[in-house]
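Engineer: My questions all concern the structure below.
The values are calculated or read from the model by the stated rules, or taken from the named source; none is laboratory data. A quick note: this is a predicted structure, and the numbers were derived from the prediction, not measured. Note that we place each Cβ from the backbone using ideal geometry, even for glycine, and neighbour counts take in every protein chain shown. Ligands, DNA and RNA are stripped out before the accessible areas are found, and what is left, the full protein with its side chains, is counted by its heavy atoms. Shrake-Rupley method; radii C 1.70, N 1.55, O 1.52, S 1.80 Å.
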Amino acid sequence: MQLIFEKSKAGRGCTLLPACDVPEVQLPEELKREQALNLPELAETDISRHYTALAKRAYGVNDGFYPLGSCTMKYNPRIDEEIAALTGFTGVHPLQPAETTEGCQKVLALAEQYLCEATGMDAITFQPAAGAHGEFTGLLLIKAYHEARGEQHRNKIIIPDAAHGTNPASAVMAGFSVVTIPSGADGCVDLEALKASVDENTAGLMLTNPNTVGIFDSNILEITDIIHQAGGLNYYDGANFNAIMGVVRPGDMGFDVVHLNLHKTFATPHGGGGPGSGPVACKEILKPYLPGCASLTGEQPKLQMKAFHGNFLVVVKALTYMLTLGAEGIRNACETAVLNANYMMEGLKDLYPVAYGERCMHEFVLCLENLKKETGVSALDVAKSLIDHEIHPPTMYFPLIVHEALMFEPTETEAKETLDEAIAVMRELHKMAYEDAEQMHHAPHHAQIKRPDEVLAARQPILRYQAD
Amino acid sequence: MGHYIPATKEEQQELLAAIGVKDISELFTAVPEEVLLKEPLNLPAGKSELEVRRMMEEISSQNKVFGTVLRGASAYQHYIPSIVKYITAKEEFVTAYTPYQAELSQGILQSIFEYQTMICELTGMDASNASIYDGASAAAEAVAMCRERKRTVALVSATTHPDVLATIQTYCYGVGAEVRIVPEKDGVTDAEALRAALAEDVCCFYVQQPNFYGNIEDCTALGEIAHSGGAKYIMGCNPIALAVLKTPAACGADIAVGEGQPLGMPLAYGGPYLGFMAATNAMTRKLPGRIVGETKDADGNRAFVLTLQAREQHIRREKASSNVCSNQALCALTAAVYLSTMGPEGVKQAAVQSMSKAHYFAEQLAAIPGVTVKNQGNWFHEFVTTLPVDTEKVLAALAENDILGGLPVQDGILWCVTELVSKEKLDQAAAIIREVCA
């Protein structure tokens, strides 16, 4: 398909602005742009058709099943979009006087009430724009806390080897060194390894529970206690919060700070990569360090993660969702997500070994190491073959502790027939692996493109269009 | 059962039976009994769509949406063409994840590739990433790109937006790096102070163009000074202004960042906005976040993929250059559609009209006895006035007439005018201010 630049015709355009009704002011020559501004020149019809064609070459939750593990691709309710598009929200300047933004403040206050109750925390900031941004924020709270207590020597964050890649990356951005602890034979935290890793320099632990292999760590109270005993704090990575909301709360499990991914658990859309929202909720002890906003208060805050109030419209969407679900609905969503995952795992586990455990929470990880040994068909081949069946592949090759991993997260918004169909397709692919591996090595066969050459892309990067 | 769960009670029983459990609670036996919630969350019961709609509409009506906005300070109300909202509301774009699976995400990937090209065009830089959270966090990430083992100190101009400065300071606090402020002189960066501040431990200098007061900095000269001291040069730019202003590349910038909100995004109480970020070829591999590249598929056809991923957290973990994972993709799409629709002439018009109207308004205000326009040199679409009366009085009088006045700053008001405000409205605003000042 042509790029929008290749469709451009000099002289085309849209009539959008009236003529200037005041005398025109020009910049002096030495400040003027010299380089031509090569943006596309198109009529509105061209633009509409171009982006409609691109949309047809995209795949969203609305297009079909999207069991991308760790990403919680649940349905994104349309009412949430409509509410976030109300002029009463979109038309408000972030630096308007407080007495003219009571509605926005109410949105944040209500969202705070729901999220603090659901997490068992005391205070929250909506400033972080995404999960990783939230991790960074939460870790800076831990850093500020230790410093305020004169314990700046606490510079180590303990992270299990199965953790999301953002965890160690965030810890380094917050100035900590990372202590990686191996997972036990059950995929959970190895208590002995944890005990051995804490010392007077322990700043805290980052943990997601259920963990990235989809298992709830039963030792959670011992784990958080070991960290507290050592003088550290416990950080809850909320990426998997959909598996526990309404059932158990991080605040009750000994966590001191948690980030939530509103774009996962609270049904706001992913938008092809963002915007998300990664609010950070914490216990009273960390509240004094929550980030502020210089332009709003006129004072330099100790911490500020970005400008203004965070991705506000995303919070509006999440609040609309939470109001709709209510206390029962939140629990129901969680339970159904766990039920759907277990059902799907049950339908596959005789053919594809489950990496860990008999039961899972909201997601499960299959290990295709044997399949690959016996047939040569890899996790990648199976994932790509799913595309031909109009199913978005699961997360591949994560967590790193499982070889040839495929991680499925069906979510609560999928019907039984969707799960049944996906199970049937996966079983068919298993059969095909033994019968026609070659075909699977080249899958997908009916997609927009064949497999792309990623090595070429990285070796000779073409990162923008250049006119000839 | 509603609430977006398709399963009926009967189906739920079927699923439970298939996995061999009687009750859903059996799936949560791993949770220690003492922390398992015995009661429902202390939250209201769920609501119907109609009830939620009524409630949220009522809440939104508690905000005041001004008919005329004369306030900017990094959140700018420009005209948003109708088609922008329609295209960016397409469900395929809205409900897709990050395009990890290139074979079914070519539309998303191509839209990002086109966005990257447009950002390169605006800034003149060689390569752009797929976006960062906002202008402030993009600035902070840019500083991190420049830090080296022996060069860790960031210099930031005092004319920078306070939120950008605070965000840079926060990111630097994380890694224990120092930020030094380069003082201003007459509303622009003090070039001699910059020269004096350069040292062997300085990794970069950040300047905002146009700066917080609306003034246009001599970015070419500042860049030369920064480079002469061995520092990298980062410019934080207003993307609309770039349609008429000398590009960061022409000014010698190593990295160009900025707040992309003016490119088709509403004010929205501060977000979601768009941090754009572009660099020279030499620094491309230090860019944080997603980058889309062109390649070929197995049949030799053009294809797009996420590329240079060896920089990123999911591969490098604690050695990654940044932790960025989710970005602002839909906002980047918004900017791309906006730029395509406006076209080169449209964006220039938005820039020229904003600048012209701001200058017209400044003249009207300067004609009021006791009002002084502080900006001395060249400036774009924001300016500062001092007033002979209490700032709040002026703003209150404007608010009564459905006009959001400028932002109160230390010694006056920071005004902003865009192409959305008609001459008639500007005259009305000036008349109101004249009356208050009389």
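Engineer: Give the value in nm², to one decimal: projected area of the alpha carbon convex hull of the range B:117-241, averaged over all directions.
Structural biologist: Values: hull surface 29.5 nm².
Across all orientations, the range B:117-241 yields a mean hull projection of 7.4 nm².
Engineer: Follow-up question, since we're still on this one. Expressed in nm², what is the orientationally averaged projection area of the convex hull enclosing the Cα positions of the range B:82-337?
Structural biologist: Numbers: hull surface 56.0 nm².
Convex hull of Cα atoms, orientation-averaged projection: 14.0 nm².
Engineer: Kirkwood Rh over Cα pairs of the range B:293-340 into Stokes-Einstein at 25 °C, 0.890 mPa s: D in µm²/s?
Structural biologist: On the way: Rh = 13.1 Å.
Answer from the Stokes-Einstein relation: 187 µm²/s.
Engineer: Hey, another quick one. Sort A:VAL354, A:VAL213 by heavy-atom solvent-accessible area, probe 1.4 angstrom, most to least.
Structural biologist: Working: A:VAL354 35, A:VAL213 5 Å².
Largest to smallest exposure gives the sequence A:VAL354, A:VAL213.
Engineer: Treating the beta-carbon of each Lys and Arg as +1 and of each Asp and Glu as -1, no other charges, what is the dipole magnitude of the range A:127-230 about its Cα centre, to the nearest 20 debye? Before the final figure, lay out the partial values.
Structural biologist: On the way: 5 positive and 12 negative charges, 76 e Å.
Dipole of the range A:127-230, to the nearest 20 debye: 360 debye.
Engineer: Considering every residue in B:394-401, what mean count of other chain Cβ atoms within 10 Å of its Cβ is obtained? It would help to have the intermediate numbers written out before the result.
Structural biologist: Working: counts 0, 1, 1, 0, 0, 4, 0, 0.
Mean inter-chain Cβ contacts per residue within 10 Å come to 1.
Engineer: Which value in Å does the Kirkwood hydrodynamic radius of the range A:323-363 take, with 1/r averaged over all unlike C-alpha pairs and then inverted? Don't skip to the end; give the middle numbers.
Structural biologist: Values: mean 1/r = 0.0889 Å⁻¹.
Averaging 1/r across every pair of different Cα atoms and inverting gives 11.2 Å.
Engineer: Return an integer: the convex hull volume of the alpha-carbon atoms of chain A, in Å³ per residue. Mind dumping the intermediate values first?
Structural biologist: Working: hull volume 95.5 nm³, N = 468.
Spelled out: Cα convex hull of chain A, divided by residues, is 204 Å³.
Engineer: Suppose every Lys and Arg Cβ carries +1 and every Asp and Glu Cβ carries -1, with no other charges. What dipole size does the range B:316-384 come out with about its Cα centre, to the nearest 20 debye? Numbers along the way, then the final one.
Structural biologist: Values: 6 positive and 4 negative charges, 74 e Å.
Dipole size: approximately 360 debye.
Engineer: Let a ≥ b ≥ c be the square roots of the eigenvalues of the Cα gyration tensor of the range B:246-292; is it rounded (a/c under 1.5), or, if not, prolate (a/b larger than b/c) or oblate? The partial results should precede the final answer.
Structural biologist: On the way: a/c = 3.44, a/b = 1.66, b/c = 2.07.
Cα axes put the range B:246-292 in the oblate bin.
Engineer: Given the alpha-carbon gyration tensor of the range A:78-322, what are the semi-axes of its equivalent ellipsoid in whole angstrom, ordered largest first, with each equal to the square root of 5 times an eigenvalue? Each step should come with its number before you reach the end.
Structural biologist: Numbers: eigenvalues 197, 84, 40 Å².
Each semi-axis is √(5λ); the values are 31, 21, 14 Å.
Engineer: A further question follows. Where does the range A:349-468 land on Rg/Rh, using Cα atoms and the Kirkwood Rh?
Structural biologist: Numbers: Rg = 16.3 Å, Rh = 15.8 Å.
Over the Cα atoms of the range A:349-468, Rg/Rh equals 1.03.
Engineer: On the full set of protein chains, 1.4 Å probe, figure out the accessible area of B:PHE212 and give it in Å² to the nearest 10.
Structural biologist: 20 Å²
Engineer: When 1/r is averaged over all different Cα pairs and the result inverted, which Kirkwood radius in Å belongs to the range A:1-137? Each step should come with its number before you reach the end.
Structural biologist: On the way: mean 1/r = 0.0474 Å⁻¹.
21.1 Å is the Kirkwood radius here.
Engineer: What FRET efficiency comes out for the pair A:GLN229/A:GLU284, r = Cβ-Cβ distance, R0 = 30 Å, nearest 0.05? Intermediate results must be reported in sequence, preceding the final value.
Structural biologist: On the way: r = 20 Å, r/R0 = 0.66.
That gives a FRET efficiency of 0.90.
Engineer: Run lengths n ≥ 4 of DSSP H only: what is the helix-derived mean residue ellipticity at 222 nm for chain A, with -39500 (n - 2.57) per run over all residues, to the nearest 500?
Structural biologist: -11500 deg cm²/dmol
Engineer: Return the single residue from B:GLY406, B:GLY300, B:GLY271 with maximal mean-square fluctuation; model: Gaussian network over chain B, springs between Cα atoms under 10 Å.
Structural biologist: Comparing B:GLY406, B:GLY300, B:GLY271 in the GNM, the peak value goes to B:GLY300.
Engineer: Another one. If you project the alpha carbons of the range A:86-224 onto their three principal axes, what span does each projection cover, largest first, in Å?
Structural biologist: 55, 36, 24
Engineer: Return an integer: the convex hull volume of the alpha-carbon atoms of the range B:352-438, in Å³ per residue.
Structural biologist: About 80 Å³ per residue, rounded to a whole number.
Engineer: Here is a further query. I'd like the distance between the alpha-carbon centres of the range B:194-234 and the range A:252-304, rounded to an integer number of Å.
Structural biologist: 32 Å
Engineer: Moving to a separate point now. Could you put A:HIS263, A:HIS389 in order of accessible surface area, largest first, with the 1.4 Å probe and the full protein assembly present?
Structural biologist: On the way: A:HIS263 5, A:HIS389 60 Å².
Solvent-accessible surface, decreasing: A:HIS389, A:HIS263.
Engineer: Please report the antiparallel percentage of DSSP beta bridges with both residues in the protein assembly as shown, rounded to the nearest 5.
Structural biologist: On the way: 46 of 81 bridges.
The antiparallel proportion sits near 55 percent.
Engineer: If you don't mind, another one. Rounded to the nearest 500, what is the 222 nm mean residue ellipticity of chain B from helices alone, with -39500 (n - 2.57) per DSSP H run of 4+ residues and division by all residues?
Structural biologist: On the way: 14 runs with 167 residues, N = 438.
Counting only the DSSP helices, I get -12000 deg cm²/dmol.
Engineer: Let me check I have the definition right: for the protein assembly as shown, take the eigenvalues of the Cα gyration tensor, multiply each by 5, take square roots. What are those semi-axes in whole Å, largest first?
Structural biologist: Details: eigenvalues 397, 179, 151 Å².
Sorted largest first and rounded, they come to 45, 30, 27 Å.
Engineer: What figure in square angstrom, to the nearest 10, would you give for the accessible area of B:LYS246 with a 1.4 Å probe?
Structural biologist: Approximately 40 Å² for this residue.
Engineer: So for the pair A:ALA98, B:GLU57, with labels modelled 7 Å out along Cα→Cβ, what separation do we get in nm?
Structural biologist: The modelled label-to-label distance comes out at 3.0 nm.
Engineer: What is the calculated FRET efficiency for B:VAL21 to B:ASP402, with r their C-beta to C-beta distance and R₀ = 60 Å, to the nearest 0.05?
Structural biologist: Working: r = 61 Å, r/R0 = 1.02.
For B:VAL21 and B:ASP402, the calculated efficiency is 0.50.
Engineer: So, one more: Based on the alpha-carbon set only, what is the convex hull volume of the range B:276-412 divided per residue, in Å³? Numbers along the way, then the final one.
Structural biologist: On the way: hull volume 30.1 nm³, N = 137.
It is 220 Å³ per residue.
Engineer: For a paramagnetic label modelled at 7 Å from the Cα of B:ASN42 toward its Cβ, which residues of the range A:260-288 fall within the zone defined by backbone nitrogen distances under 20 Å?
Structural biologist: Within reach of a label on B:ASN42: A:281-287.
Engineer: Then there's this: Using only the alpha carbons, work out the radius of gyration and Dmax of the range B:76-139 in angstrom.
Structural biologist: For the range B:76-139, the Cα-based Rg and Dmax read 13.7, 38 Å.
Engineer: With the convex hull built on the Cα atoms of the range A:248-374, state its orientation-averaged projected area in nm². Before the final figure, lay out the partial values.
Structural biologist: Numbers: hull surface 46.5 nm².
For the range A:248-374, averaging the hull's shadow over all directions gives 11.6 nm².
Engineer: Treating only the Cβ atoms of Lys and Arg (+1) and Asp and Glu (-1) as charged, compute the dipole magnitude of the protein assembly as shown about its Cα centre; round to the nearest 20 debye. Walk me through the intermediate numbers first.
Structural biologist: On the way: 71 positive and 111 negative charges, 333 e Å.
Around 1600 debye, computed over the protein assembly as shown.
Engineer: Largest first and in whole Å, give the semi-axes of the range B:191-293's equivalent ellipsoid, each being the square root of 5 times a Cα gyration tensor eigenvalue. Walk me through the intermediate numbers first.
Structural biologist: Values: eigenvalues 121, 62, 30 Å².
Calculated on Cα positions only, the semi-axes equal 25, 18, 12 Å.
Engineer: Let's test this: bin the Cα-Cα distances of the range B:1-81 at 5 Å from zero up to the farthest pair and state each bin's percent.
Structural biologist: 3, 9, 10, 11, 13, 11, 8, 9, 7, 6, 8, 4, 1
Engineer: With a bin width of 10 angstrom, please list the P(r) values of the range A:47-99 as percents of all Cα-Cα pairs, from the 0 bin to the one holding the largest distance.
Structural biologist: 18, 26, 34, 18, 5
Engineer: Right, another one. Output the Kirkwood hydrodynamic radius of chain B, Cα pairs only, in Å rounded to one decimal.
Structural biologist: On the way: mean 1/r = 0.0410 Å⁻¹.
One over the average 1/r among Cα pairs gives 24.4 Å for chain B.
Engineer: Quick one: pull the percentage of alpha-carbon pairs in the range B:100-180 with a separation above 22 Å. Intermediate results must be reported in sequence, preceding the final value.
Structural biologist: Numbers: 1360 of 3240 pairs.
Counting every Cα pair in the range B:100-180, those more than 22 Å apart make up 42 percent.
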